[in-house]
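Report on the following structure.
The values are calculated or read from the model by the stated rules, or taken from the named source; none is laboratory data. Predicted, not measured: the structure shown is a model, and the values here were computed from it. Because the Cβ atoms are built from the backbone with ideal geometry, glycine has one as well, and the counts that use them run over all protein chains shown. Please note that ligands, DNA and RNA were not included when accessible areas were found on the heavy atoms of the full protein model with its side chains. Shrake-Rupley method; radii C 1.70, N 1.55, O 1.52, S 1.80 Å.
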Amino acid sequence: MSILSGKKILLGVTAGIAAYKTANLVRLFIKSGAEVKVIMTPAAKDFITPLTLSTLSKNQVHSSFTNEEDENAVWNNHVELGLWADLFVIAPATANTLAKMSSGVCDNLLMATYLSAKCPVYFAPAMDLDMYKHKSTKNSFAKLSEYGNIMIPATSGELASGLVGEGRMAEPEDIVEFIEKDILNKLPLKGKHVLITAGPTYEAIDPVRFIGNHSSGKMGFEIAKAAANAGAEVELITGPSKEMVSHSLINVTRVVSGDEMYNEAHKHFNSTDIAILSAAVADYKPKFVANQKIKKKDSSLTIELEKTKDILRSLGEIKSSQFLVGFALETNDELENAKGKLQSKNLDLIVLNSLNDKGAGFGVSTNKVTFITKAGEVLENGLKSKTEVAEDLIALITTKIHA
Ligand code: CTP
C-alpha cells in the first residue's frame with residue numbers, strides 16, 4: 001500500500017509544455033489511493049485541457065476565482081482548497097510561477113491557494129536550460145527552500161526548444177516516488193523498532209482444552225498499525241486472535257501460550273526501541289498438561305495451576321534504553337493499582353483500562369483509557385475508537401522519546 005493512500009493531493013499545473021504529463025501524474029496519484037483536485041493557471045489550459053484533468057481526477061478543475069461559464073457564478077475559495085490538501089504539488093512549476101511563489105505575487109487562484117496552504121508544498125520545475133541556470137531562478141529555488149517548500153529537481157535531456165540540458169520536469173513516476181520517499185523519511189518513528197504483544201494466550205490443559213480469556217487482540221493490532229503508519233518497523237507477537245493486518249512494516253508472529261509469547265518477546269527485545277505489551281497473558285497455567293484427553297470419570301476435577309512468566313516484568317528487569325509500555329486492566333483502586341504496576345514493573349508508561357467505564361475493555365471497538373507516565377503525569381482520554389486510542393498512544397510515546 002502506498003503511503004499516499006487516503007491523502008488529499010492538490011495538484012497545481014502551470015503553463016509549461018510538460019503540463020501534458022500531468023494527465024499521467026493524476027492517474028498515478030489516483031492509482032496510489034490518493035484523492036486529487038487540480039488547480040491550473042489560466043495559461044496552463046493552452047497545454048492540457050481542464051476536461052482531461054477533471055475526468056482523470058474525478059473532480060472539477062479550478063483556474064479562476066469564479067466559475068465564469070456559470071451565470072450563478074460561485075467563488076472558488078482558495079483558503080478552503082489550501083486547507084483541504086494534505087499535500088500541494090506544483091508540477092510543472094514554470095520560472096514565472098516560481099518567481100511569483102518566492103516573492104508572494106498573488107495574481108491567480110493557484111498563487112492565492114499557494115499563499116494560504118498550510119500543508120507541505122512540493123514543486124517540480126520545468127523550463128529551458130538557460131532559464132533553469134539563471135541566477136534569478138536559482139534565487140527562487142533558494143527562497144522556496146527557505147520557506148520549507150520541497151523541490152523535485154528537474155532532469156537533463158532534450159527540451160522543447162530542441163536544446164539538450166537541465167530543465168526537464170521529472171517524470172510522473174519519479175515525482176510520485178520522490179514524494180513517497182520524502183514522506184516516509186520524515187515520519188516520526190522512522191527507523192524505530194517497535195515490539196507489540198497482543199491478544200489472549202491459551203494455556204493447554206490437555207490436547208483439546210485450554211485456559212484462555214476473551215481478549216480479541218484488536219487494541220494491539222490497532223497499536224501496530226498506528227506505529228507502522230508513523231514509520232516504525234513493527235514486530236507484532238499475537239496470541240490466538242481473529243484480527244488480520246497487512247502492512248509492509250508489520251511482521252506478525254502468531255503464538256498460542258504465554259511461554260511462547262515470552263520467548264518471542266525476548267528474542268526481539270534487544271533490538272527494540274519501544275515495547276508495548278497489550279496482550280492479556282493468562283496469569284496461571286496448568287502445572288501438568290495431560291498427554292491424552294482427560295476423561296470425565298469423577299464428579300469433580302481439580303487442575304493445579306502455576307503462575308505464568310510475567311513477560312512485561314521480565315522485560316522491565318533487563319531493559320536499558322527501551323521505552324517500555326504496559327497495560328493495566330483494573331476494577332477497583334484503578335489509579336493506585338496502575339501506578340503501582342508502573343513502578344514495580346519498571347515501565348515508562350502505563351495505559352489504564354477501567355472495567356467500570358462503559359465502552360472499555362474486551363470485545364468492543366471503543367476504549368476509554370488513562371495514560372500514566374513515569375514522571376507522574378495522569379492523562380485522561382475520553383471514550384474513543386480503539387484506532388484513535390492507538391494513534392493517541394503512539395503520538396504520546398513519540399513526544400516522550402523525542403523529548
Ligand atoms: N503481562 C505480561 N505477562 C503476563 C501477565 C501480564 O506481559 N504473564 C502484561 C500485560 O500485557 C499488561 C500488564 O502486564 O501489559 C498488566 O497485566 P495485568 O494482568 O493487568 O497485571 P498483573 O501484573 O498480572 O496483576 P493483576 O493480574 O494482579 O492485576
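Just checking, which of 320, 344 is within 12 Å of the ligand (Cβ to nearest atom), open to solvent by 60 Å² or more (accessible area, probe 1.4 Å) and within 24 Å of residue 262 (Cβ to Cβ)?
After applying the criteria, what remains is 344.
Look through segment 280-292, keep the residues that are open to solvent by 20 Å² or more (accessible area, probe 1.4 Å) and touching a helix residue (DSSP H, G or I) at 6+ places or on another chain (Cβ under 9 Å), and return whichever of them is farthest from the ligand (Cβ to nearest atom).
285
Restricting attention to strands (runs of 3 or more DSSP E) lying wholly within segment 186-240, give those where 3 or more residues are touching a His at 6+ places or on another chain (Cβ under 9 Å). Before you say what the answer is, go through the steps one by one.
On the way: elements: 193-198, 203-206, 209-211, 233-238.
Correct list: 233-238.
Of 218, 181, 192, which residue is without any contact (Cβ under 8 Å) to a residue 12 or more places away in the chain and either within 16 Å of the ligand (Cβ to nearest atom) or under 15 Å from the mean Cα position of the chain (by Cα) (or both)? It would help to see each step written out before you state the result.
Numbers: 218 fails: without any contact (Cβ under 8 Å) to a residue 12 or more places away in the chain; 192 fails: without any contact (Cβ under 8 Å) to a residue 12 or more places away in the chain.
Step by step, each of 218, 181, 192 is checked, and only 181 is without any contact (Cβ under 8 Å) to a residue 12 or more places away in the chain and either within 16 Å of the ligand (Cβ to nearest atom) or under 15 Å from the mean Cα position of the chain (by Cα) (or both).
Considering each residue of segment 333-368, count those that are without any contact (Cβ under 8 Å) to a residue 24 or more places away in the chain and not acidic (Asp, Glu), and give that number.
Residues meeting the conditions: 8.
Please tell me if residue 313 is within 11 Å of the ligand (Cβ to nearest atom), surrounded by fewer than 17 Cβ atoms within 10 Å (Cβ to Cβ) and free of Cβ contacts under 8 Å to residues at least 40 places away in the same chain.
Numbers: within 11 Å of the ligand (Cβ to nearest atom): yes; surrounded by fewer than 17 Cβ atoms within 10 Å (Cβ to Cβ): yes; free of Cβ contacts under 8 Å to residues at least 40 places away in the same chain: yes.
Judged against the criteria, residue 313 is a match.
The rows are residues; the columns are (1) among the polar types (S, T, N, Q); (2) free of Cβ contacts under 8 Å to residues at least 12 places away in the same chain.
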{"position": "91", "(1), (2)": "no, no"}
{"position": "97", "(1), (2)": "yes, no"}
{"position": "107", "(1), (2)": "no, yes"}
{"position": "113", "(1), (2)": "yes, no"}
{"position": "118", "(1), (2)": "no, no"}
{"position": "137", "(1), (2)": "yes, no"}
{"position": "140", "(1), (2)": "yes, no"}
{"position": "143", "(1), (2)": "no, no"}
{"position": "150", "(1), (2)": "no, no"}
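Within segment 352-359, does at least one residue satisfy the condition of being within 14 Å of the ligand (Cβ to nearest atom), among the basic types (Lys, Arg) and open to solvent by 50 Å² or more (accessible area, probe 1.4 Å)? Explain how you work it out, then say what you get.
As a first pass, look at segment 352-359 and keep what is within 14 Å of the ligand (Cβ to nearest atom): 352-355.
After this cut, where a residue has to be among the basic types (Lys, Arg) as well, the list is none.
Within segment 352-359 (the criterion being within 14 Å of the ligand (Cβ to nearest atom), among the basic types (Lys, Arg) and open to solvent by 50 Å² or more (accessible area, probe 1.4 Å)), the answer is no, since none of the residues qualifies.
Is there any pair linking a residue in segment 266-286 that is under 16 Å from residue 201 (Cα atoms) to one that is among the charged types (D, E, K, R) and within 7 Å of the ligand (Cβ to nearest atom), with Cβ under 7 Å and at least six apart or on different chains, and which?
none
So, residue 238, is that one over 20 Å from residue 349 (Cβ atoms), within 27 Å of the chain's Cα centre (by Cα) and within 14 Å of the ligand (Cβ to nearest atom) or not?
Numbers: over 20 Å from residue 349 (Cβ atoms): yes; within 27 Å of the chain's Cα centre (by Cα): yes; within 14 Å of the ligand (Cβ to nearest atom): yes.
In short, yes.
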